[in-house]
Ligand SMILES: [Zn+2]
């Protein structure tokens, strides 16, 4: 049994799922959903960069946080295209219901 691995990212299963998400979103030229939600000027992702190679590169982001719904971690329907920087800035605490709020502290950095 490898029960200790169940809650960790980076396992084989996640590697498979994130690759599937990358191929799916690259084919659709999907923009960063976080940038879209925030109304960013340029939500496009440069898929030629590959997976998670820099701030503007693609990362698979969980639309519904896995923290709240661990059963959705490997559900492609729950995975959205995001920039590496947006995904990491968002972290685990923000949910979609918070993205619409104008005064979240994590948004203030964007406004300068
Ligand atoms: Zn973004």
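Hey, quick one: spin label on residue 53, modelled 7 Å out along Cα-Cβ, who in the stretch 59-84 has an amide N within reach, i.e. under 19 Å?
59-61, 81-84
How much length is gained if the chain between residue 75 and residue 89 is pulled fully straight, taking 0.36 nm per residue apart and subtracting their Cα-Cα distance, in nm to one decimal?
Additional length available on full extension: 2.8 nm.
Over every pair of different alpha-carbon atoms in the stretch 3-94, take the mean of 1/r and invert it; report that Kirkwood radius in Å. Show your work: numbers first, answer last.
Working: mean 1/r = 0.0751 Å⁻¹.
Taking every pair of different Cα atoms in the stretch 3-94, averaging 1/r and inverting gives 13.3 Å.
Bear in mind that the values in this text are calculations on the coordinates, not laboratory data. Bear in mind that the values here come from a model prediction, so they are computed numbers and not experimental data. Cβ: placed from backbone, ideal geometry, glycine included. Neighbour counts: every protein chain shown.
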